[in-house]
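Peer 1: For reference, the structure I am asking about is given below.
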Amino acid sequence: MKLYNLKNHNEKVNFSTAVKLGLGQKQGLFFPVELPVINNIQLSEILKMDFITRSTEILSRFIYNEISKEELYKNVKTAFSFKQPVKVKITNNIHCFELFHGPTLAFKDFGARFMAQMILSINKNNESVTILTATSGDTGAAVAHAFYKMKNVRVIILYPKGKISELQEKLFCTLGKNIKTISINGSFDDCQNLVKEAFNDKKLKESIGLNSANSINISRLLAQICYYFEAFSLIPKEKRNNLVIAVPCGNFGNLTAGLLAKSLGLPIKSFIACTNDNDTVPRFLKDGQWNPKKTVSTISNAMDISQPNNWTRIEELFNRKKWNLKELRFGSVSDSVTKETLKELFQLGYVSEPHAAIAFRLLRNQLKKDEFGLFLGTAHPAKFKNTVETIIKNKILLPNELNNRINLPLLSYNINPDFKKLKQFLIEK
Ligand SMILES: *Cc1c(COP(=O)(O)O)cnc(C)c1O
């Protein structure tokens, strides 16, 4: 698989290098030179396969010449060795596709665990690797657990202090061993900028074997394509031509993966790009002005991102496929409407959480008569226990994944958003 840097099309790398580098020169994102396409006959066969076999098939369309199918199958099986996504009926024509049954209770487990397998698989010489990543909540946990106790891998996770839920924090800041966590006195965008600066520092990058695990890493995006096929395979045949999928967006990795699934040949009619008040993309789609504002804190904190990294990939994909951005549906939902929506869902018999609720809201507003809608359940409601319980006035039970960590002490360090401080940490700890 060849990929080019979106900021410098002359920089071309193979899949392994793209996985190792994360970002290219000038912090450009990598994008596939070739966009594979599956024809209708292949598609109907692929849809009949079990999740692991199908996912291997899809991934091998991209990386067949670097990792054999046999090896890939093993990697996929190890990476996705947890309860598969579940489709839950909410109304007659709207279902939730729950992606949060992995070890850290969010869809990020798919990308992070597949990436961990890829890093192991390409690190044949057992060199030491430092994974540096920024998280707005759920990436950190997924990455930490995916690499926990892995030999030769040190993981450093930055997160905005006080801006992720207490339970989210407990899930990954209590592990220790090869997992180091740093709370940053700033926003997620500050964390992301620190990571970018570290990658710009060539010497540092080489001396500590720096690798990113953000949703910018191509291996994570590819892994996420797989569950869109699973979703499609679970939809009744007569609804498949009119499927609309609402995606709660932060850094827009999940939506990028969905669009890549469509570009492969999965006939999804339309996507809705859903945000909270950090609505850079919805405003852009409305008036054509890219005008990020200061990030605001909301109850859907994993989406508190005003400069979504993956957006350039989405633009590139639309250009390459000659799709029109006007066909991408969008919307943003305020905290107060999100709360109302959580109550509405509860009355429909479903306990949700703020991120999915945003997607449900826009889906139920925008779905046309003959369409069938899926919204992605990106995290388990228990991760946002306090918020959700206050809103629905009911108790939520903690699943074991959280119960086991709740009383453990936090092991995080704390620094200001100052690159010198981070660099010192990277060298010394
Ligand atoms: C990460 C995350 C999102 C946003 O996903 P992106 O791929 O960054 O757009 C939405 N909801 C939850 C619960 C998340 O953890």
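Peer 1: Across region 350-363, what is the number of residues that are without any contact (Cβ under 8 Å) to a residue 60 or more places away in the chain, over 16 Å from Glu166 (Cβ atoms) and in a loop (DSSP other than H, G, I, E, B)?
Peer 2: Count: 1.
Peer 1: Has region 253-275 got any residue that is within 16 Å of the ligand (Cβ to nearest atom), part of a loop (DSSP other than H, G, I, E, B) and within 19 Å of Ala356 (Cβ to Cβ)?
Peer 2: No, region 253-275 contains no residue that is within 16 Å of the ligand (Cβ to nearest atom), part of a loop (DSSP other than H, G, I, E, B) and within 19 Å of Ala356 (Cβ to Cβ).
Peer 1: Report yes if some residue within region 121-138 is among the hydroxyl-bearing types (Ser, Thr, Tyr), touching a residue at least 40 places away in the same chain (Cβ under 8 Å) and within 10 Å of the ligand (Cβ to nearest atom); otherwise report no. Before the answer, list the steps.
Peer 2: Of region 121-138, the ones among the hydroxyl-bearing types (Ser, Thr, Tyr) are 121, 128, 130, 133, 135-136.
Then drop every residue that is not touching a residue at least 40 places away in the same chain (Cβ under 8 Å), which leaves 121, 128, 130, 133, 135-136.
Still in the running and within 10 Å of the ligand (Cβ to nearest atom): 135-136.
Checking region 121-138: at least one residue is among the hydroxyl-bearing types (Ser, Thr, Tyr), touching a residue at least 40 places away in the same chain (Cβ under 8 Å) and within 10 Å of the ligand (Cβ to nearest atom).
Results for (1) in a strand (DSSP E or B); (2) in contact with a helix residue (DSSP H, G or I) (Cβ under 8 Å, 6 or more places away or on another chain); (3) on the phi > 0 side of the Ramachandran plot; (4) charged (D, E, K, R), shown as yes or no for each residue.
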{"site": "Asn365", "(1), (2), (3), (4)": "no, no, no, no"}
{"site": "Lys369", "(1), (2), (3), (4)": "no, no, no, yes"}
{"site": "Phe384", "(1), (2), (3), (4)": "no, yes, no, no"}
{"site": "Thr390", "(1), (2), (3), (4)": "no, no, no, no"}
{"site": "Leu397", "(1), (2), (3), (4)": "no, yes, no, no"}
{"site": "Leu402", "(1), (2), (3), (4)": "no, yes, no, no"}
{"site": "Pro409", "(1), (2), (3), (4)": "no, no, no, no"}
{"site": "Pro417", "(1), (2), (3), (4)": "no, yes, no, no"}
{"site": "Ile427", "(1), (2), (3), (4)": "no, yes, no, no"}
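Peer 1: Looking at Ala198, Ala231, Ala246 in this structure, which one is assigned to a strand (DSSP E or B), touching a residue at least 40 places away in the same chain (Cβ under 8 Å), crowded, with 19+ Cβ neighbours inside 10 Å and of a type in the set (A, V, I, L, M, F, W, C)? It would help to see each step written out before you state the result.
Peer 2: Details: Ala198 fails: assigned to a strand (DSSP E or B); Ala231 fails: assigned to a strand (DSSP E or B).
Criteria check complete, one pass: Ala246.
Peer 1: Please find, among Leu397, Leu410, the residue that is aliphatic (A, V, I, L, M), in contact (Cβ under 8 Å) with a residue 60 or more places away in the chain, more than 18 Å from Met303 (Cβ to Cβ) and more than 15 Å from the ligand (Cβ to nearest atom). Explain how you work it out, then say what you get.
Peer 2: On the way: Leu397 fails: in contact (Cβ under 8 Å) with a residue 60 or more places away in the chain.
Within the list Leu397, Leu410, the selection yields Leu410.
Peer 1: Oh, and also: Find the residue count for region 160-175, including only residues that are of a type outside the set (Phe, Trp, Tyr), buried (at least 24 other Cβ atoms within 10 Å of the Cβ) and not in a loop (DSSP other than H, G, I, E, B). Spell out how you get there, then give the answer.
Peer 2: Taking region 160-175 and keeping what is of a type outside the set (Phe, Trp, Tyr), we get 160-171, 173-175.
Filter once more, so that each one left must be buried (at least 24 other Cβ atoms within 10 Å of the Cβ): 160, 164, 168, 171, 173.
After this cut, where a residue has to be not in a loop (DSSP other than H, G, I, E, B) as well, the list is 160, 168, 171.
Matching residues across region 160-175 total 3.
Peer 1: So which residues in region 335-373 are within 13 Å of the ligand (Cβ to nearest atom) and over 13 Å from His95 (Cα atoms)?
Peer 2: Here is the first cut: in region 335-373, the ones within 13 Å of the ligand (Cβ to nearest atom) are 338, 352-360.
Once the filter is applied, which keeps residues that are within 13 Å of the ligand (Cβ to nearest atom) and over 13 Å from His95 (Cα atoms), region 335-373 yields Thr338, Glu353, Pro354, His355, Ile358.
Quick note: the coordinates plus some simple rules give every number you see, no bench work behind them. Everything numeric in this text was worked out from a predicted model, so none of it was measured. Reconstructed Cβ throughout: ideal geometry from the backbone, glycine too, with neighbour counts over all protein chains shown.
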